[in-house]
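Heads up: the structure comes next, in structure tokens.
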Amino acid sequence: MAEEWIAQTGQDIDDVVRALHEAKPEAVVHCGFGFGIVLLNPALEKLGWNPPRFMGTAFQNAWIHEIMWRAIEGWTGCDQYDESNPVGQKFLDEYDAAYGRRPEYCVPVVNHDVATALLHAFSDAHPLTPRGVKEALERVKMVPAAAGAPGTRVSFGKWTRRGWMGAGYLVARQLDPEFGTSHLVGRFGEL
């Protein structure tokens, strides 16, 4: 219907939002890093317009600061944190026991999986060189993932570079009014 560009920093985007509004789309999708939408919700409010709003993994920026949280309220984000994933919950239980807090969002569980895959590769790299690590990473197969829906796996191969496997890897989440909490609204791959 319409495509509008915004800067990657918070700037006045009233004209852009007005142009989207005039195109009458059924929803707004942000394909960027997320910082450019800081003033989007206020621009929507000025127009009295509340369309469904979706974004990619820029959704994780909500946890950076309360300003970003407020900017992303009302959006549905593609995310990787699913509270029903037992691998992720076990990791967060251990994290909480060690550090006295439980960061229930995508970054800790994604970083857990990245570190796990790299540790598998480093321990299996012969020789321990960049090429040896690359080839060892290609041998990492079907490791249960902390990120994504239950059953998500981390797996690589000679021609497979994405890592996470499973229909439910990405989930849809929305923020709650309380800073730092969100809720699952759907799993991709589910009917």
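Filtered by the rule that a residue be in contact with an Asp or Glu (Cβ under 9 Å, 6 or more places away or on another chain) and surrounded by fewer than 21 Cβ atoms within 10 Å (Cβ to Cβ), region 162-175 gives 163, 164, 167, 168, 172, 174. Please name all residue pairs, on different chains or six or more residues apart, with Cβ atoms under 9 Å, provided the first residue is in region 1-25 and is touching a residue at least 24 places away in the same chain (Cβ under 8 Å) and the second residue is of a type in the set (Gly, Ala, Ser) and part of a loop (DSSP other than H, G, I, E, B). As it stands, the answer is 6/32; 8/32; 8/34; 13/7; 25/2, since those pairs meet every condition given. Figure legend. Inter-residue proximity from region 72-85: first residues crowded, with 19+ Cβ neighbours inside 10 Å, second residues at pLDDT 95 or above and among the charged types (D, E, K, R), beta-carbon distance below 9 Å, spacing 6+ or different chains. Indicated pairs: 80/113.
If the condition is being open to solvent by less than 30 Å² (accessible area, probe 1.4 Å), in a loop (DSSP other than H, G, I, E, B) and within 17 Å of residue 175 (Cβ to Cβ), then region 22-50 contributes only 34. Residue 150 passes every criterion in (1) open to solvent by 60 Å² or more (accessible area, probe 1.4 Å); (2) assigned to a helix (DSSP H, G or I) apart from (2).
Identify the residue in region 61-98 that is within 16 Å of the chain's Cα centre (by Cα) and among the β-branched types (Val, Ile, Thr) and, among all such residues, is modelled with the lowest pLDDT. Ranking the qualifying residues of region 61-98, first place goes to 64.
When we screen 133, 114, 140 for residues that are within 22 Å of residue 188 (Cβ to Cβ) and of a type in the set (A, V, I, L, M, F, W, C), the only hit is 114.
The values are calculated or read from the model by the stated rules, or taken from the named source; none is laboratory data. The shown structure was predicted, so the numbers you read here are calculated from the model rather than taken from an experiment. Methodologically, a virtual Cβ is constructed for each residue, glycine included, from the backbone with ideal geometry; neighbour enumeration extends over all protein chains shown. Each accessible area value is taken on the protein alone, full model and side chains, heavy atoms only, with ligands, DNA and RNA left out. Shrake-Rupley method; radii C 1.70, N 1.55, O 1.52, S 1.80 Å.
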